[in-house]
Structure formats: structure tokens, C-alpha cells
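Heads up: the structure comes next, in C-alpha cells.
Read-outs throughout are calculated quantities, based only on the coordinates presented, and are distinct from any laboratory measurement. Here the structure is a predicted model, which is why all the values come from computation and not from measurement. For neighbour counting, all protein chains shown are included, and Cβ atoms are generated from backbone atoms with ideal geometry for every residue, glycine included.
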Amino acid sequence: DYMSVDAQKLADAVRQTAELYPSMKVCAKVIDGAPCIVPVNNMTVIVPVIKTEETDVDKLESEFIKPFDLENGPLFRFAVYDTPKSVILFSDVHHLITDGTSQSLFMKNLALVYAGKEPEKETVSSFALCSWEHKQKQSAKFSECKKFFDEMLAGVEVDSNIIADEIENKPEHN
């Protein structure tokens, strides 16, 4: 029942949940010619509660969605819309910092925080994983494995083009 959802409590829970993930507080920079994800420690998670008479979700969504500022961040955006018919959470998180599994874990923790329960803590941060991968790439074992796969796949031609989704006979696409 949407009437039992407290818009401000939801916004606070989103903020608390986002604070659990330091890898959300980043921006993208080019450093020494290489693209990098850079932590922004003083980034504030803002989750506005927007009281509105608008009930058209598509219209609210079109107002919410905007481009990210990759170089300054944040690479996420949240808003809670409090309408006469419902309380709606919009979440837009750039794929540079999330994927489907991460979003699922985020939402699971959000539900726990909203319910006043203890969220699951991150066991390995994205930063630690990146550091580990970087060290692995410097190792002799990595070079040996790379050479093995380069030789195994030499001459293999693969079409790596992404296959577009089929668009069914929808009027707007004809």
C-alpha cells in the first residue's frame, strides 16, 4: 500500500544506503592519457523529496533523466516523488559504477535500511578489486596466461557487433 510509504523516510534510506558504497562517490577523469575512476571523498548524496500533483510517471521520468557530468560527478541521481496517487523512487546510476547485480544488492539493502534493519556490508570494495586486478596484470602469471589465450585464440574471427533488439511492429517505429 503506497499510503504506508513515507517519502522522507524513503529518501533518508536511499541516502544511507548510497553511503554504504564508496565506489558511488566517484567521477571519471583522463589521467596520463588513460580513463580512470577517481574517488571524490567529499561528495554529498542528495535525495530530494519532490511533492507534486503530477501523476504521469512518464512525464516525471522525462523531467528526472538528464546527462551525467562524468568529470565532476556524481554518477548517480535519486529522487523521491510524492504524488497524490503514490510515492515513486527514481534512481539513475551510470553503468561505469554499477551493473544489474549491484543494483539488485543496492535495492535489497535499501529495503533493509527502510525497514530499520541492518544492511549487508560490502565484503570487497570496487577500489580493492581494481587494485588487485592492477597488481595481477603486473605478474608473470598474468603474462603467461595472456600468452596462452593469445595463442589459443590466434586467427579466430568473431563478430563482436552488438545485435540490436528486434523492434516489433510498434506504431512509433514504423
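One table, with the values for the structure above:
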{"read-out": "PRO35 vs. criteria more than 30 Å from HIS134 (Cα to Cα) and surrounded by fewer than 18 Cβ atoms within 10 Å (Cβ to Cβ)", "value": "no"}
{"read-out": "Residue among ASP58, ASP32, ASP82 that is of a type in the set (Asp, Glu), over 27 Å from GLU122 (Cα atoms) and touching a residue at least 60 places away in the same chain (Cβ under 8 Å)", "value": "ASP82"}
{"read-out": "Subset tally (residues that are part of a loop (DSSP other than H, G, I, E, B) and of a type in the set (Ser, Thr, Tyr)) for segment 22-71", "value": "3"}
{"read-out": "Candidates VAL80, VAL40, VAL87 - the one that is surrounded by 18 or more Cβ atoms within 10 Å (Cβ to Cβ) and touching a Pro at 6+ places or on another chain (Cβ under 8 Å)", "value": "VAL80"}
{"read-out": "Count of segment 66-99 residues which are under 12 Å from the mean Cα position of the chain (by Cα) and among the charged types (D, E, K, R)", "value": "3"}
{"read-out": "Identity of the residue in segment 43-58, surrounded by fewer than 16 Cβ atoms within 10 Å (Cβ to Cβ) and under 19 Å from the mean Cα position of the chain (by Cα), that ends up nearest to VAL93 (Cα to Cα)", "value": "ILE46"}
